[in-house]
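Below you'll find the structure, written out as structure tokens, and then a few comments.
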Amino acid sequence: MAIHTQRWLMASLLMALSANGQATSTRALGMGGAFVAQANDVSGIPINPAGMASLSERGVFEFALEGNQILRYNNSAETPETENMELTYLGAMLSAFDTGLGLYWSQDAKTSPLSVHNTTDMAQRGVLGMGAGKGFYDGTIKLGATIDWPAYTLESQNHTSSSAGGYTIGTIIQLADRASLSAHSGLQYSLSAGVTQQSDIEDDRILNRAESLRYGVSMALSGLFGNQVSRLTLNGEVEQTDIDIYRNIEDLKTYKLGAEWTFFSIGNEHLQYTLRSGIRQFDEQDLSNALSFGAGLNWKSHTIEVAGWQEPSEDFDDYLVGLSYTFSMEKD
């Protein structure tokens, strides 16, 4: 009976790693943006809405906000330029019984040309979206979708925008989930795949968001050894974009690799630490590889994340720093 109780406790500790809601898109960017197959919190709404399907039958509410700051290096003038931190993300999600509802607003930290044909006028692009996710077969298959509207700001005050919108549809499929528990240790392995199709959002003047396709895999290994519990997640992803608005490159393909390591001690489960790293490689030879790093601290219902990443282009290399806060509440 004692051994059975110990095994149940170990299984609960391993699950605590995956049930813990962590951070906004700062989390994904700390892993090189490789998140389409792992998206399992409020940050995943615009990345893969299938992640809104509940991780807990008791119900979970999450709220997140995020800001980004840019340090731009002019390659020709060899001078750095710093911009103020911008609020870039607000999101809320309510989920229970393998069903989730979410609402989000996102905005780019930097301005960019209206289109490939108009590189003089600048805009700060943003998207407002809402949607739902649903799990089937005990969460083995998750489906989700959002309806998205443009929410951009033009530097020129003389502008009008239409009500043209778009959509995001996605799925996450659990390919494997195995656990091995003993009296003093435990090991859990999971493998999932994710796909997202995102439509463009364009009105009579501006391409607010380009059409894209993202697909990838996520492998997680959770372990309990002594009084230490940890979870290592490895993600791989490919993103195909019709046009990269910021770099003015058509048909850009990006390869992403990311890793996330979360750990805590038994008896102190409410305090969890996370480290992340990632890399992006572009199929455009003029663009260098982009590295990223991140870290997070979770205490009970509160999570703070920080990440730094590169955004290379031909004329400028942007170095961005992201800071996010997430509140997560699970019904008792």
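Computed quantities for the displayed model
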| read-out | value |
| --- | --- |
| Gain upon complete extension [Trp261, Trp299; 0.36 nm per residue less C-alpha separation] | 12.1 nm |
| Within the stretch 247-332, GluC sites (Glu not before Pro) in DSSP loop having at most 10 other beta-carbon neighbours inside 10 Å | none |
| Karplus 3J(HN,Hα) series, Hz, for the stretch 218-231 with 6.51 cos²θ - 1.76 cosθ + 1.60 (x for Gly, Pro) | 9, 10, 10, 10, 10, x, 10, 9, x, 10, 10, 10, 9, 9 |
| Cross-link table Lys256/Lys331; Lys110/Lys256; Lys110/Lys253; Lys134/Lys256; Lys110/Lys142, entries beyond 25 Å C-alpha to C-alpha | Lys256/Lys331; Lys134/Lys256; Lys110/Lys142 |
| Cβ charges +1 (Lys, Arg) and -1 (Asp, Glu), total dipole of the stretch 149-292, debye | 820 debye |
| Dipole of the stretch 235-318, positive direction: furthest Cα of Ala259, His270, Ser288, with charges on the beta-carbon | His270 |
| Nitroxide proxy distance, nm - points 7 Å out along Cα→Cβ at Leu271 and Val321 | 2.5 nm |
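Just so you know, all these numbers are worked out from the coordinates, no wet-lab data involved. The structure displayed is predicted, hence computed values, not measured ones. No Cβ is skipped: glycine too gets one built from the backbone with ideal geometry, and neighbour counts run over all protein chains shown.
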